1. Using the Karplus curve 6.51 cos²θ - 1.76 cosθ + 1.60 with θ = phi - 60°, work out ³J(HN,Hα) for each residue of segment A:106-115 in order, rounded to whole Hz, and write x for Gly and Pro.
2. Give me the base-10 log of I(q)/I(0) for chain B at each q in 0.10, 0.12, 0.23 Å⁻¹, Debye formula, one uniform scatterer per Cα, rounded to two decimals.
3. Chains B and A: how much accessible area gets covered up at their contact, both sides added, probe 1.4 Å, in Å² to the nearest hundred?
4. Would you mind working out the accessible area per residue for chain B, using a 1.4 Å probe, and quoting it in Å²?
5. Whenever you get a sec, line up B:52, A:63 from highest to lowest accessible area (probe 1.4 Å, protein heavy atoms).
6. Can you pull the accessible area of residue B:26 for me, 1.4 Å probe, Å² to the nearest 10?
7. Rank A:78, A:31 by accessible area, highest first, at a 1.4 Å probe radius?
8. What are the ³J(HN,Hα) values, in whole Hz, obtained from phi via the Karplus relation 6.51 cos²θ - 1.76 cosθ + 1.60 with θ = phi - 60°, for each residue of segment A:35-43 in sequence order, with x given for Gly and Pro?
Amino acid sequence: GAVVSQHPSRVICKSGTSVKIECRSLDFQATTMFWYRQFPKQSLMLMATSNEGSKATYEQGVEKDKFLINHASLTLSTLTVTSAHPEDSSFYICSAREDTSYGYTFGSGTRLTVV
Amino acid sequence: AQTVTQSQPEMSVQEAETVTLSCTYDTSESDYYLFWYKQPPSRQMILVIRQEAYKQQNATENRFSVNFQKAAKSFSLKISDSQLGDAAMYFCAYHEGNTPLVFGKGTRLSVIA
């Protein structure tokens, strides 16, 4: 089946630095990828929709200058958390869609801790 | 906007017994997809089962089956012969057209040995 690889799985960074998270579709082309944020014991909150070759669409309340999304190819989307602060600490998950009838494939997630 | 409601924050079931997780949704569309995802402690999202709205027959995947009531906008998940490995968060999700998945708040399932 479709596989989405997400790296890194865990990252600790200092406040004020930037962190890049990669999401790759390994055996299919993903024209659309989604980035979610999940706080402990809560559901997934959609942050943005990433379309290959165009600007990402951000959900209301998500700072596009803080969470930079790049989808430069059909197999790679990246999320960069710029000038990270402790409140950005969370679990970030990407998801890719190949064929809507088969649902969505999720990456394994990235646990970001900002100290 | 479409919404998905899971009214059971937590459920528990004895090993080998059957449990049903509830999900309702709100939409004005007639063509859409519904999903149940499992999120174990590893936090990897795993697709459990999916249902196309145009299909009247309820989806089944081994011990997992759904009761899809389109008119009532209800989509419950039944887990039969529950196993310890079924313990996880379960999310009901909705999708139509090119829109992203819309998730419910989840139900935490505990399996008691």
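1. 9, x, 7, x, 10, 8, 9, 10, 10, 10
2. At q = 0.10, 0.12, 0.23 Å⁻¹ the computed log10 ratios are -0.26, -0.38, -1.34.
3. Values: alone 6460 and 6490 Å², together 11240 Å².
About 1700 Å² of accessible surface is lost on pairing.
4. Numbers: 5600 Å² over 113 residues.
I get 50 Å² per residue for chain B.
5. On the way: B:52 20, A:63 115 Å².
Listed by decreasing accessible area, they come as A:63, B:52.
6. Ignoring ligands and nucleic acids, residue B:26 comes out at about 80 Å².
7. Working: A:78 15, A:31 80 Å².
I get A:31, A:78, largest accessible area first.
8. 10, 10, 10, 9, 8, x, 6, 10, 7
The values are calculated or read from the model by the stated rules, or taken from the named source; none is laboratory data. Quick caveat: nothing in here was measured; it's all calculated off a predicted structure. Calculation scope for accessible area: heavy atoms of the full protein, side chains included, ligands and nucleic acids excluded. Shrake-Rupley method; radii C 1.70, N 1.55, O 1.52, S 1.80 Å.
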